[in-house]
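Here, each number is a calculation from the coordinates, and none is a lab measurement. Just so it is clear, the structure is predicted and the values come from calculations on it, not from any experiment. Please note: Cβ atoms are built from the backbone with ideal geometry, for glycine as well, and neighbour counts cover all protein chains shown.
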Amino acid sequence: MRFTQDSGSAAHIIRAYAAGELRIDAEHYRETLILSADTIMTVPEVREVNDLAMFDPSRILALDPELVLLGTGPRQIFPAAAFRAQFLGAGIGFEVMDTSAACRTFNVLVAEQRRVVALLMV
């Protein structure tokens with residue numbers, strides 16, 4: 001079987017995750033990110049789940065996702081119901097998982113050309 005590299009895709013891919021650091025494409029990040037197939041935004045004001053109470057989700061909603069992944073660091077921690085409700089009320093799927101699982105899920109969904117946005121805490 002012959003394999004060829006798909007060079008037509010410009011989608012961001014998460015290459016590695018370790019506690020405190022994400023590598024996306026060839027760049028390293030050490031703070032919370034909003035990530036889609038074509039956008040990377042740092043979110044330094046969010047360091048833990050409790051910080052989401054003061055976070056404006058309009059930056060995520062502006063990317064028109066069909067699904068939002070929340071990676072909460074080394075452990076899965078659910079945010080307040082009010083935060084989740086902002087996405088569910090708009091008809092957008094919302095999943096919470098540890099950041100490692102969110103990274104793997106993001107890559108699979110981007111490869112399927114789904115409109116996924118991840119909010120990843122490192």
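Condition (residue is without any contact (Cβ under 8 Å) to a residue 24 or more places away in the chain, farther than 18 Å from residue 37 by Cβ and out of contact with any Phe, Trp or Tyr (no Cβ under 8 Å at 6 or more places or on another chain)) applied to region 96-116: is it met by at least one residue?
No, that holds for no residue.
Does region 54-69 contain any residue that is surrounded by 11 or more Cβ atoms within 10 Å (Cβ to Cβ), small (Gly, Ala, Ser) and touching a residue at least 24 places away in the same chain (Cβ under 8 Å)? First the steps, then the outcome.
So the first thing to find is which residues in region 54-69 are surrounded by 11 or more Cβ atoms within 10 Å (Cβ to Cβ), and the list is 55, 57, 59-63, 65-69.
Narrowing the set further to residues that are small (Gly, Ala, Ser) leaves 62.
Now narrow it down to the ones that are touching a residue at least 24 places away in the same chain (Cβ under 8 Å): none.
No, because not a single residue in region 54-69 is surrounded by 11 or more Cβ atoms within 10 Å (Cβ to Cβ), small (Gly, Ala, Ser) and touching a residue at least 24 places away in the same chain (Cβ under 8 Å).
Just checking, does region 30-44 include any residue being over 13 Å from residue 119 (Cα atoms), touching a helix residue (DSSP H, G or I) at 6+ places or on another chain (Cβ under 9 Å), buried (at least 16 other Cβ atoms within 10 Å of the Cβ) and of a type in the set (A, V, I, L, M, F, W, C)? Spell out the reasoning first.
Within region 30-44, the first condition is being over 13 Å from residue 119 (Cα atoms), and the residues that meet it are 30, 38.
Checking which are touching a helix residue (DSSP H, G or I) at 6+ places or on another chain (Cβ under 9 Å) leaves us with none.
Looking through region 30-44, none of the residues is over 13 Å from residue 119 (Cα atoms), touching a helix residue (DSSP H, G or I) at 6+ places or on another chain (Cβ under 9 Å), buried (at least 16 other Cβ atoms within 10 Å of the Cβ) and of a type in the set (A, V, I, L, M, F, W, C).
Filtering region 73-104 down to residues that are polar (S, T, N, Q) and closer than 17 Å to residue 51 by Cα, which residue is surrounded by the most Cβ atoms within 10 Å (Cβ to Cβ)? Steps first, answer last, please.
From region 73-104, those polar (S, T, N, Q) are 76, 86, 99-100; that's our starting set.
Checking which are closer than 17 Å to residue 51 by Cα leaves us with 76, 86, 99.
Details: 76: 15, 86: 17, 99: 27.
By that ranking, first place goes to 99.
Could you run through region 105-122 and say how many residues are over 16 Å from residue 56 (Cα atoms) and surrounded by 14 or more Cβ atoms within 10 Å (Cβ to Cβ)? Before the answer, list the steps.
Start the filter on region 105-122 by keeping residues that are over 16 Å from residue 56 (Cα atoms), which leaves 105-116, 122.
Of the ones still in play, those that are also surrounded by 14 or more Cβ atoms within 10 Å (Cβ to Cβ) are 105-107, 109-110, 114-116, 122.
Total satisfying the criteria: 9.
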